[in-house]
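Heads up, the thing below is written out as structure tokens.
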Amino acid sequence: MPAIRMSKRWTPFNPETVKRVPGQLGVYQLANAAGEIVYVGVAGGRSLFGLRGELQKWLAAPQAGAAQFRIEVNMSYRTRHLELLMAYRADHEGRLPAANTDIDASRLGRLSPA
Amino acid sequence: MDLQLTEEQTMVVDMVRRFVRREIVPLEDKLDPDTDELPEEDHGRLVAMVKDMGLYGLDIPPDYGGPDIDMVTRTLIAIEMSQHRAGLYAPCYGVFGGAGLAQLFEANDDQKQRYLYPTLRGEKKVFFGLSEPSGGSDPARAIQTRAVRDGQDWVINGQKLWISGADKADYGLLFARTDSDKGRSGITCFIVETDWPGFHVRRIVHTLRSARYATELQFTDLRVPDANILGEVNKGFAIANDRLSRQRIPYAAVCIGVAIKAHELAVEYAKIRHTFGAPLASRQAIQWMLVDNEIDIETSRWLTLVAADKARRGDPFRKEAGLAKLVATEAGGRVVDRCMQIHGGLGVAKDMPFERWFREMRIRRIGEGPNEVQRHIIARDILGMSLR
Ligand SMILES: Cc1cc2nc3c(=O)[nH]c(=O)nc-3n(C[C@H](O)[C@H](O)[C@H](O)COP(=O)(O)OP(=O)(O)OC[C@H]3O[C@@H](n4cnc5c(N)ncnc54)[C@H](O)[C@@H]3O)c2cc1C
């Protein structure tokens, strides 16, 4: 069974590291310096430069103290994105990551991962 | 026997076709290619349009406030509604309204008040929980989730797999074993609420499908009152089975809609795309693919309309519904595959809808009773044998 939460190591969030991110579709997380997730994002089928392009947009307008990132190339990017948001919510008493103001929480499902 | 559409059917088909082409398809050019939801403002606007058309709540019986639409017309509408990228699993993104699950119309008055009416008003969502890790083709034997009586309640323990939409549902129909010695006569259907203690959505099951992902459920001492049994104790399997036969007709119809749309795109493309100094359409190899599409579409269309007509007349239609499901899902897969081929690289790119149809169409040969099970049912009917 695939892991529900992402557990890869964090990479420092700067133009040098982001330049090396692939252009594929998938999901990503941003964290502050303390390793707390501040955003769960997706590079969907309409993104011009995939994960790299999405992360570059964040570099141009950094928010919520994003200092590290990690990615997962995933063609089921949409369901995986929703899953990561739901898992975060289950782990944080119903809250979403600080910078995920783009998500309408009432439209998300409820997960209670083991 | 009249194979012509009535004037009213022609009018409804034209109206839905215009709606899909003018309202749904242009929106998809901007949405994520894998989405199954519209932005709220578009959804609300389109629901209002569908209400004006008199087609809202298509599957709600007229006694409950739905439009009076017979099964053949309903099938024709389903063929139109699915002619867009998300059309296979999210026809028109749900703006024609849902009716919940057909079984709830058989519920008692108290259950209708608590579950059916709020669902018809769009206030509650429901899931259908039959399949388990132990198997979905033969649920009567495979179900291992158990419900044990405890005073006025039942206590349920077990697992379900592949259940669509359970994480967003307010309640669902859950089939559990209440008598281990009785096989298919030992299954009961419970209405369970998703915020009751002991109900857990453990994970999303990622599949080829972009829309409406499936989930895995776990029940630990989930306590359900007697009043939440749908129908009678040990008679739940008939409830599940009834839904499965009925569902096969619209299930086939949407595959035909997608095939028609894919074929239409391929015909257009074959006329304008040139290779080696001539349009693709001039090559016999391509012409034959288009002819094969035509054969697949027409065969499935007529088989499905025959099944719908039998259901409309109140005649037995199990065999016809099985044939329709079987033929339309296989034909749909072949048509989408050929259209992809005709489009070359564009056929497999996310710019075009083929790759989504290709993935989602593959599921149709497994969902709603795998095609081998349809053949099994049809063979039994032909041979006059009862299903074991
Ligand atoms: C995306 C998705 C969504 C779903 N949503 C729901 C849902 O909301 N609710 C729900 O209850 N279920 C749902 N299902 C489950 C679905 O109905 C089952 O997957 C299906 O019934 C097959 O069951 P199974 O996967 O356990 O395969 P099995 O029962 O293990 O069968 C495996 C294969 O064996 C073959 N086979 C089976 N019987 C025979 C036979 N008699 N002769 C020859 N070959 C045979 C078939 O090829 C079949 O595909 C969903 C499935 C998917 C993929």
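The values are calculated or read from the model by the stated rules, or taken from the named source; none is laboratory data. If you're wondering where the values come from, they're calculated on a predicted model, not measured in any experiment. Using ideal geometry, Cβ is built from the backbone for each residue, glycine included, and neighbour counts are taken over all protein chains shown. Areas reflect the complete protein model, heavy atoms only, side chains present, ligands, DNA and RNA absent. Shrake-Rupley method; radii C 1.70, N 1.55, O 1.52, S 1.80 Å.
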Explain nothing, just compute: Karplus ³J(HN,Hα) = 6.51 cos²θ - 1.76 cosθ + 1.60, θ = phi - 60°, for every residue of segment B:122-134 in order, whole Hz, x for Gly and Pro.
x, 8, 10, 10, 10, 10, 10, x, 10, 5, 9, x, 6
Which entries of B:LYS125/B:LYS350; A:LYS8/B:LYS350; B:LYS125/B:LYS168 show an alpha-carbon separation above 19 angstrom in the structure shown?
B:LYS125/B:LYS350; A:LYS8/B:LYS350
Take chain A, compute every pairwise Cα distance, and split them into 5 Å bins from 0; I just need the percent in each bin.
2, 12, 23, 26, 22, 11, 4, 0
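Does the protein assembly as shown come out rounded, prolate or oblate by the C-alpha gyration tensor, with a ≥ b ≥ c the root eigenvalues, rounded set by a/c under 1.5 and, if not, prolate when a/b is larger than b/c and oblate if not? Please report the intermediate quantities before stating the final value.
Values: a/c = 1.75, a/b = 1.07, b/c = 1.63.
It comes out oblate by the Cα gyration axes.
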Would you give the gap between the C-alpha center of segment B:262-328 and the C-alpha center of segment B:109-127, rounded to a whole Å?
38 Å
Checking segment B:39-75 for trypsin sites (Lys or Arg not before Pro) in a loop per DSSP with at most 11 other beta-carbon atoms within 10 Å yields none
Less than 12 Å Cβ to Cβ from B:SER82, Lys/Arg counted +1 and Asp/Glu -1: what total charge do the surrounding residues give?
+2
Charge tally in the Cβ shell below 15 Å around A:GLU93, where Lys, Arg are +1 and Asp, Glu are -1, A:GLU93 excluded
+1
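Sort B:LEU3, A:LEU59, A:LEU111, A:LEU48 by accessible area with a 1.4 Å probe, largest first. Let's see the in-between values first.
Details: B:LEU3 105, A:LEU59 50, A:LEU111 15, A:LEU48 155 Å².
Final ranking, largest accessible area leading: A:LEU48, B:LEU3, A:LEU59, A:LEU111.
In segment B:126-230, what % of DSSP beta bridges are antiparallel (nearest 5)?
Working: 30 of 35 bridges.
That works out to approximately 85 percent antiparallel.
With a/c under 1.5 counting as rounded, go ahead and sort segment B:88-138 into rounded, prolate or oblate using the C-alpha gyration tensor (a ≥ b ≥ c being the square roots of the eigenvalues; past the cut-off, prolate if a/b is larger than b/c, else oblate). Write down the numbers at each step before the final one.
Values: a/c = 2.71, a/b = 1.19, b/c = 2.27.
Cα axes put segment B:88-138 in the oblate bin.
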Read phi for every residue in segment B:294-308 and hand back ³J(HN,Hα) as whole Hz from Karplus 6.51 cos²θ - 1.76 cosθ + 1.60, θ = phi - 60°, with x for Gly and Pro.
4, 4, 4, 5, 5, 4, 5, 4, 5, 4, 6, 5, 5, 4, 5
With springs connecting C-alpha atoms under 10 Å apart, model chain B as a Gaussian network and identify which of B:GLY129, B:GLY367, B:GLY151 has the largest mean-square fluctuation.
B:GLY151
Using only protein heavy atoms and a 1.4 Å probe, report how much of B:CYS339 is accessible, in Å² to the nearest 10.
0 Å²
How large is ³J(HN,Hα), in whole Hz, for each residue of segment A:53-70 in order, when computed from phi with the Karplus curve 6.51 cos²θ - 1.76 cosθ + 1.60 and θ = phi - 60°, using x for Gly and Pro?
x, 5, 5, 5, 4, 5, 4, 5, 9, x, 9, 6, x, 4, 10, 9, 8, 8
Cα extents of chain B along the three principal axes, largest first (Å)
80, 51, 44
Find, among the chymotrypsin sites (Phe, Trp or Tyr not before Pro) in segment B:188-289, those assigned to loop by DSSP (not H, G, I, E, B) with at most 13 other beta-carbon atoms within 10 angstrom.
B:PHE276
Mind ranking B:11-18, A:3-10 by how tightly packed they are, going by the mean number of other C-beta atoms within 10 angstrom, highest first?
B:11-18, A:3-10
In degrees, nearest 10, range 0 to 90: what is the angle between the Cα axis of helix B:354-363 and the longest Cα principal axis of chain B?
40 degrees
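Which value, in Å³ per residue, describes the convex hull spanned by the Cα atoms of segment B:262-332? Display every interim value, and only then the final one.
On the way: hull volume 5.2 nm³, N = 71.
Here the figure is 74 Å³ per residue.
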Candidates B:ALA285, B:ALA227, B:ALA99: whichever shows maximal mean-square fluctuation once chain B is modelled as a Gaussian network with Cα springs under 10 Å:
B:ALA285
Residues B:GLU268 and B:SER134, FRET efficiency given R0 of 35 Å [Cβ-Cβ distance, rounded to 0.05]:
0.15
Could you give the distance between the Cα centres of segment B:59-83 and segment B:171-211, to the whole Å?
28 Å
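How many Cβ atoms of partner chains, on average, are near each residue of A:105-112 if near means within 10 Å of its Cβ? Don't skip to the answer; put the middle values down first.
Working: counts 0, 1, 3, 2, 11, 9, 7, 7.
Shielding by partners across A:105-112 averages 5.
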Around B:THR207, what is the net charge, scoring Lys/Arg as +1 and Asp/Glu as -1 over all other residues with Cβ under 11 Å from its Cβ?
+3
Taking alpha-carbon centroids only, segment B:7-23 lies from segment B:216-243 a number of Å equal to 39 Å
In the protein assembly as shown the DSSP beta bridges are antiparallel at a rate, in percent to nearest 5, of 90 percent
Counting only residues 5 or more places away or on other chains, whose amide H sits under 5 Å from the amide H of B:ASP170 once H atoms are built in the peptide plane?
B:LYS125, B:VAL126
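Show that you can apply the helix-only estimate: for the protein assembly as shown, add -39,500 (n - 2.57) for every DSSP H stretch of four or more residues, divide by all residues, and state [θ] at 222 nm to the nearest 500. Let's see the in-between values first.
On the way: 15 runs with 200 residues, N = 502.
Theoretical 222 nm ellipticity from helices: -12500 deg cm²/dmol.
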For B:201-211, mean number of other protein chain Cβ atoms within 10 Å
6
For B:VAL205, which sequence-distant residues (separation of 5 or more, or a different chain) have an amide H within less than 5 Å of its own amide H, given hydrogens modelled in the peptide plane?
B:ALA214, B:THR215, B:GLU216
Where is the GNM fluctuation largest for chain B (alpha-carbon springs, 10 angstrom cutoff): B:GLU232, B:GLU193, B:GLU37?
B:GLU232
